[in-house]
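Colleague: There's a structure below that I have some questions on.
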Amino acid sequence: MKRTVAVAAFVAGLGAAGARRVLSRAAGVEDAPNRWLTVTVNCPPESLAEGGRPEPLARLEPIAEIRITPAPGGRGTELAARLREPGPTGPVARATGDDPRQKVRSALREAKSLIETGEVMRPDAPPTTRSTPGGKLVELATRRAGGEGRL
């Protein structure tokens, strides 16, 4: 019974992701390999001048353009990055961890966490106390979530 519920939840998640992709393409939104990826950070833009950038942003500089601008409405700072040269993308590259956008997403999340809290926040490990099929799914999702857009 539990296995059936887990499989049904997984299939429903795949269906929702596929529907979101179809709807976004129908609306003209493409997942361009070199589009800007952006996070909003709760700090003034002046504090992130050249010398004040956190290590994850500095690590991105050789492979990505970085843009730091005031957020709309005076609500902090927008950190944006995009790849200088897009690499392999698509479902296979994402599943194997070879999509270079995953590095950009992870670096932006880590930078946001460092700026706002002073440390990179990590999920609890292990995510479950017993090794079960459901626990393995949670562990896989947790491990992959940092490089993806959403969990």
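The values are calculated or read from the model by the stated rules, or taken from the named source; none is laboratory data. Keep in mind it's a predicted model, so treat the numbers as computed, not measured. Neighbour counts run over all protein chains shown; Cβ positions are idealised from the backbone, glycine included.
Colleague: Filter segment 29-85 for residues that are polar (S, T, N, Q) and either more than 19 Å from residue 120 (Cα to Cα) or at pLDDT below 90 (or both) and give the result.
Modeller: Hits for segment 29-85 are 34, 47, 69.
Colleague: With the checklist (1) in a helix (DSSP H, G or I); (2) exposed (fewer than 10 other Cβ atoms within 10 Å of the Cβ); (3) modelled with pLDDT under 65 in hand, flag the one item residue 95 doesn't pass.
Modeller: Residue 95 satisfies all of (1) in a helix (DSSP H, G or I); (2) exposed (fewer than 10 other Cβ atoms within 10 Å of the Cβ); (3) modelled with pLDDT under 65 except (2).
Colleague: Just for segment 46-67: of the residues that are within 18 Å of the chain's Cα centre (by Cα) and without any contact (Cβ under 8 Å) to a residue 40 or more places away in the chain, which one is surrounded by the most Cβ atoms within 10 Å (Cβ to Cβ)?
Modeller: Ranking the candidates gives 66 first.
Colleague: Out of all the residues in segment 114-122, is one or more at pLDDT 65 or above and in contact with a strand residue (DSSP E or B) (Cβ under 7 Å, 6 or more places away or on another chain)?
Modeller: Yes, because at least one residue in segment 114-122 is at pLDDT 65 or above and in contact with a strand residue (DSSP E or B) (Cβ under 7 Å, 6 or more places away or on another chain).
Colleague: What pairs can you find where one residue is in segment 95-118 and at positive phi, the other is at pLDDT below 85 and in a helix (DSSP H, G or I), and their Cβ atoms are less than 9 Å apart, with a gap of 6+ or different chains?
Modeller: If the second residue must be at pLDDT below 85 and in a helix (DSSP H, G or I), the pairs left are 97/144.
Colleague: Report whether or not residue 105 is at pLDDT 85 or above and basic (Lys, Arg).
Modeller: Considered against the rule, which asks whether it is at pLDDT 85 or above and basic (Lys, Arg), residue 105 comes out as yes.
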